[in-house]
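**Q** Okay, handing you the structure first.
The values are calculated or read from the model by the stated rules, or taken from the named source; none is laboratory data. Given the structure is predicted, the values throughout are model-derived calculations rather than measurements. Every residue, glycine among them, receives a Cβ derived from its backbone with ideal geometry; neighbour counts consider all protein chains shown. In case anyone asks, the SASA skips ligands and DNA or RNA and just uses the protein heavy atoms, side chains included. Shrake-Rupley method; radii C 1.70, N 1.55, O 1.52, S 1.80 Å.
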Amino acid sequence: MRILIWHVHGSWTTAFVQGGHDYLVPVLPDRGPRGRGRAQTYDWPDNVIEVSPEEAADAEIDVLVAQRPEELNGVSDGWLGGRRPGRDIPAVYVEHNAPQGRIAEMRHPAADRDDVVVVVHVTHFNDLFWDTGSTPTRVIEHGVVDPGYRYVGELERSAVVINEARRRWRVTGTDLLARLGEEVPMDVFGMDADAIGGIDDVRQEDLHGEMARRRVYLHPIRWTSLGLSLIEAMHLGMPIVALATTEVPEAVPPEAGVVSTRLDVLQDALRRFVHDEAAARETGESARAAALERYGLHRFLADWDELLEEIAS
């Protein structure tokens, strides 16, 4: 089928477009948020087709996959040639993020809308916390393209991946890095990581190789849906040390690493993995097995194919 989807989250979209459909991705000359087009730092297959507003307006579209409120309202008008999302074109809304604010006020922008077939949450945590009212929900957990077992662990350091670490600060646990790095040096990767002394602007393929050179993966994020970099680190075969927040306790089983809300426990785990290479390697192998079973690409695409067929019909 032909699916219209904006390029919003690169890592998630990279997995999504591996299916057997044609993916129409809006593009504008400035390649800004409203029209990024094909990814510049990820490898996407040829069935991902960039479309201008004029091309999208004339295109045959079986399903609209929305990821932001403006894609159901306003923005989509100029791209759909007057066709209404959820009325003239079946629409599904993918929610990537954990809700913000007081728990009684966590109202989803697609709540109580009869023009949205279903809100798809990427974690069970999101489904639990978001209030979608009468709009049906479905959970399709993340899947990632397997980068392969690449663990080397030659550097007695931890790897951390955080985008916009300085701006997001407490949300991403940036304030915890100094304490968690007291005994075990760390390297922080991600967008704007250089603002806190990290390493910025690394292509995904190169990033995976750099992560795998470090002895352990640290996930200090307090409040997020579920960082795909964590799942990728597990696929690489890295042992995990992570805050026990949001979906992480479900994603990282005990044999895959150490998950806790206690910083002293996390510090001990970092120290143990750095000084015991055999334990780090064994734990990383368990992490990879767990990730392949739960977050494998085949399961992810099969779940989406089932839902897309329901929606299109």
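**Q** Taking the solvent-accessible surface of protein heavy atoms with a 1.4 Å probe, what is the per residue accessible area of the stretch 169-289 in Å²?
**A** So the stretch 169-289 comes to 40 Å² accessible per residue, rounded to a whole number.
**Q** Give the span of the chain's Cα atoms along each principal axis, as three whole-Å numbers ordered largest to smallest.
**A** 61, 43, 36
**Q** Tell me the GluC sites (Glu not before Pro) within the stretch 1-69 that lie in a loop according to DSSP and have at most 13 other beta-carbon atoms within 10 Å.
**A** Numbers: sites: E50, E54, E55, E60; in loops: E60.
Listed in order of number, the matching sites are E60.
**Q** Need the C-alpha centroid separation for the stretch 46-71 versus the stretch 199-220, integer Å.
**A** The stretch 46-71 and the stretch 199-220 have Cα centres spaced 32 Å from each other.
**Q** Here's something else I'd like to know. How large is log10 of I(q)/I(0) for the stretch 255-313 at q = 0.30 Å⁻¹ when the intensity is taken from the Debye formula with one equal scatterer per alpha-carbon?
**A** Taking Cα atoms of the stretch 255-313 as identical point scatterers yields -1.10.
**Q** Please work out the C-alpha center-to-center distance from the stretch 245-313 to the stretch 92-165 and express it in whole Å.
**A** 15
**Q** For the stretch 147-209, divide the Cα radius of gyration by the Kirkwood radius and give the resulting Rg/Rh value with two decimals.
**A** Working: Rg = 12.1 Å, Rh = 12.4 Å.
In the stretch 147-209, Rg relative to Rh is 0.98.
**Q** How high is the relative contact order of the chain? Use alpha-carbon pairs under 8 Å, at least six apart in sequence, and give a whole percent.
**A** Details: 659 pairs, mean separation 45.9, N = 313.
About 15 percent, as a whole number.
**Q** Follow-up question, since we're still on this one. Computing the accessible area with a 1.4 Å probe over protein heavy atoms, can you report the carbon and sulfur percentage for the stretch 235-304?
**A** Carbon and sulfur together cover 51 percent of it.
**Q** What's the longest bit of the chain with no exposed trypsin sites (Lys or Arg not before Pro), using DSSP loop states and at most 13 other Cβ atoms within 10 Å as the test? Could the numbers behind the result be given before it?
**A** Values: sites that count: R87, R102, R170, R203, R262.
By the stated rule (loop sites, at most 13 other Cβ atoms within 10 Å), 1-86.
**Q** For R262 and E282 in one chain, what is 0.36 nm times their gap in residues minus the Cα-Cα distance, to one decimal in nm?
**A** On the way: separation 20, 0.36 × 20 = 7.20 nm, distance 2.34 nm.
Value of the extension gain: 4.9 nm.
**Q** Which value at 222 nm does the chain reach when only helices count, each DSSP H run of 4 or more adding -39,500 (n - 2.57), with the total divided by all residues and rounded to the nearest 500 deg cm²/dmol? Don't skip to the end; give the middle numbers.
**A** Values: 13 runs with 107 residues, N = 313.
Helix contribution divided over all residues of the chain: -9500 deg cm²/dmol.
**Q** With the full set of protein chains in place, find how many percent of the accessible area of the stretch 69-209 is carbon and sulfur; take the probe as 1.4 Å.
**A** On the way: 3160 of 6830 Å².
Summing carbon and sulfur atoms, their accessible area is 46 percent of the total for the stretch 69-209.
**Q** If you keep only loop residues by DSSP, which GluC sites (Glu not before Pro) in the stretch 165-261 have at most 16 other Cβ atoms within 10 Å of their Cβ? Display every interim value, and only then the final one.
**A** Working: sites: E182, E183, E205, E210, E232, E247, E250, E255; in loops: E182, E183, E247.
In loop regions of the stretch 165-261 (DSSP not H, G, I, E or B), the sparsely surrounded GluC sites (Glu not before Pro) are E182, E183.
**Q** Right, another one. At q = 0.11, 0.18, 0.21 Å⁻¹, work out log10 I(q)/I(0) for the stretch 207-313 with the Debye formula, treating every Cα as an identical point scatterer and leaving solvent out; two decimals please.
**A** Per q value, in the given order, log10 I(q)/I(0) is -0.36, -0.83, -1.06.
**Q** Taking only the alpha-carbon atoms of the stretch 1-140, what semi-axes of the equivalent ellipsoid follow from 5 times the gyration tensor eigenvalues under a square root, in whole Å, largest first?
**A** Details: eigenvalues 126, 60, 37 Å².
In descending order the semi-axes read 25, 17, 14 Å.
**Q** Could you tell me the extents of the stretch 167-246's C-alpha atoms along the three principal axes, largest first, rounded to whole Å?
**A** Taking the Cα atoms of the stretch 167-246, the three principal extents are 28, 27, 26 Å.
**Q** While we're on this one: In bins 10 Å wide, starting from 0, what share of all Cα pairs of the stretch 44-122 does each bin hold, as a percent?
**A** The distribution over the stretch 44-122 is 17, 45, 29, 9, 1, given as percents.
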